[in-house]
Amino acid sequence: MNSTLRWLVRAMLWLLVATAAAGIGLAQEPTLAATPPMGWNSWNHFACKVTDGDVRAAADAIVSNGMKDAGYIYVNVDDCWQGKRDEHGMIQPNQKFPDMKALGEYIHSKGLKFGIYSSPGPKTCAKHEGSYTHEDDDARQYAAWGVDFLKYDWCSADRVYKPDEMQAVYRKMAEALHRTGRPIVLSLCQYGLESVWTWGASVGGNLWRTTEDINDSWDRMSDIGFEQNGLEKYAAPGHWNDPDMLEVGNGKMSHDEYQTHMSLWCLLAAPLLAGNDLSKMSEETLAILTNPEVIAVDQDPRGVQGHRVWEEGPYEIWTKPLTDGAIAVGLFNRGEDAEEIKLDFSAAGAPESASVRDLWARKALGTFTGSFSAKVPKHGVVLIKVK
Ligand code: GLA
């Protein structure tokens with residue numbers, strides 16, 4: 001062998017080993033969740049009542065109402081689809097879901113991706129059959145059904161595992177999914193226990209919940225959202241902090257509060273999983289979910305999670321650096337009255353003189369020197385891009 005050939009063979013061998021090691025080390029497809037996953041999940045609106053028909057209706061709506069074009073791709077069934085295991089130990093759906101493979105095919109036929117839910121414990125949080133001792137069976141079953149996303153929810157696993165086994169438990173499912181050969185996004189759901197952000201990526205997670213459950217209220221949403229500061233160093237393309245799914249459009253928050261919810265989640269580079277009934281949605285809700293300039297903040301390919309740069313009482317300023325060198329900035333008013341909030345460009349790392357664009361209004365506001373001020377409504381936000 002001449003030396004060039006030897007070099008080539010060695011390089012190819014190295015590549016093979018590196019690829020295999022990446023497989024064992026569970027770096028799933030590097031293209032998986034390159035930006036925070038976007039889609040819909042059944043839980044926040046339908047909870048345990050969800051049916052095959054509801055999921056198909058969500059898939060239909062995502063396509064017809066423009067959400068798919070805005071980037072919402074995953075259609076995820078949460079808890080309560082499970083029936084019993086058959087004589088071979090393979091999980092079967094319950095009577096609300098007559099044919100999971102057909103459901104997956106329906107979702108795929110629309111150019112969307114199919115998500116499912118389970119628990120590493122014997123039972124899910126709603127007491128359905130979990131994956132305990134059936135991890136490989138379930139991974140194979142999901143792959144056969146065409147599943148593209150698994151939310152894996154701790155629930156009853158604390159009855160059978162100790163907290164220090166949690167990483168191995170999640171890794172086990174990541175490995176089982178990997179062995180199927182199908183790229184499946186793995187969403188860890190264990191409410192932020194054991195500082196999951198420090199190890200979620202290393203066990204094969206593409207996203208991990210950082211908190212307990214959200215609900216459709218200003219108090220809960222804002223507590224969760226604004227407490228994410230400090231976790232930004234753990235997010236990167238392929239691996240995201242997940243402050244839970246969206247409540248936009250579920251009816252118990254005001255328009256300003258839902259805009260705050262969406263703005264904050266986008267600054268946090270959070271997964272955007274709509275949680276409302278997509279087949280009955282107001283134009284106002286759709287506008288919040290699909291504003292392309294706001295979504296672009298979340299989906300920015302640089303994948304930097306934003307953080308808080310200033311706070312005074314109930315007023316907060318959060319920033320997120322973007323690929324094009326601009327900075328997305330949220331001026332938030334958690335107080336009970338409208339208030340003028342001032343952004344000092346130096347605090348945001350912006351140049352002395354910068355152009356400002358209002359992302360919700362999709363309007364250029366002009367060039368400002370030193371600072372920018374805006375009146376922010378109660379529980380509201382002014383979301384801008386500064387360049
Ligand atoms: C937990 C999760 C929720 C949802 C329910 C389903 O509470 O955190 O997001 O999946 O279980 O039972």
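The values are calculated or read from the model by the stated rules, or taken from the named source; none is laboratory data. No experiment lies behind these values; they were computed from the predicted model shown. Heads up, the Cβs are rebuilt from the backbone with ideal geometry, glycines too, and the neighbour counts pull from every protein chain shown. When the accessible area is computed, the model is the full protein with side chains, heavy atoms only, and any ligands, DNA or RNA have been set aside. Shrake-Rupley method; radii C 1.70, N 1.55, O 1.52, S 1.80 Å.
Can you pull the percent of segment 307-386's accessible area that's carbon plus sulfur, 1.4 Å probe, other chains left in place?
46
For a test of the definition: using alpha carbon positions, the gyration tensor, and the 1.5 limit on a/c, classify segment 307-386 as rounded, prolate or oblate.
Prolate shape, in that a/c is at least 1.5 and a/b is the bigger ratio.
Can you give the charge dipole size of the chain about its Cα centre, rounded to the nearest 20 debye, using +1 on the beta carbon of Lys and Arg and -1 on the beta carbon of Asp and Glu?
1200
Taking the chain as a whole, which cysteines find no other cysteine Cβ under 4.7 angstrom from their Cβ?
C189, C266 - these cysteines have no disulfide-compatible partner (Cβ-Cβ under 4.7 Å) in the chain.
Evaluate the relative contact order of the chain (contact order divided by residue number), counting alpha-carbon pairs under 8 angstrom at least 6 apart; express in whole percent.
The value is 14 percent.
Can you work out the accessible area per residue across the chain, with the rest of the protein chains kept in place, probe 1.4 Å, in square angstrom?
Dividing the accessible area of the chain by its residue count gives 42 Å².
Would you please name the GluC sites (Glu not before Pro) within segment 222-280 that are DSSP coil residues with at most 15 other C-beta atoms within 10 Å of their C-beta?
E227
Mean-square fluctuation check for the chain, GNM, Cα pairs under 10 Å: which of P377, P183, P163 is largest?
The residue with the greatest mean-square fluctuation here is P163.
Report the net charge of residues surrounding M253, where surrounding means a beta-carbon distance below 11 angstrom and charges are Lys +1, Arg +1, Asp -1, Glu -1.
Summing Lys and Arg as +1 and Asp and Glu as -1 gives -3.
Using alpha-carbon positions, what is the distance between the centroids of segment 27-76 and segment 80-105, in Å?
19
For the chain, what percent of Cα pairs sit more than 28 Å apart?
47
Mind checking segment 291-347 for chymotrypsin sites (Phe, Trp or Tyr not before Pro) that DSSP puts in a loop (not H, G, I, E or B) and that have at most 13 other Cβ atoms within 10 Å?
none
Which far-off residues, 5 or more places away or on another chain, put their amide H under 5 Å from the one on L273, with H placed in the peptide plane?
G39, L246
Given a 1.4 Å probe and heavy atoms of the protein chains only, how would you sort S353, S119, largest accessible area at the top?
Output order, biggest surface exposure first: S353, S119.
Of the candidates H108, H134, H88, which one comes out as most mobile in a Gaussian network treatment of the chain with C-alpha springs shorter than 10 Å?
Of the options given, H88 has the highest mean-square fluctuation.
Roughly what % of DSSP beta bridges within the chain run antiparallel, to the nearest 5?
Expressed as a percentage, antiparallel bridges in the chain total about 60.
Could you sort out which of K172/K320; K151/K387; K123/K378; K113/K342; K127/K252; K280/K378 sit more than 32 Å apart by Cα distance in this structure?
Beyond 32 Å between Cα atoms: K172/K320; K151/K387; K123/K378; K113/K342.
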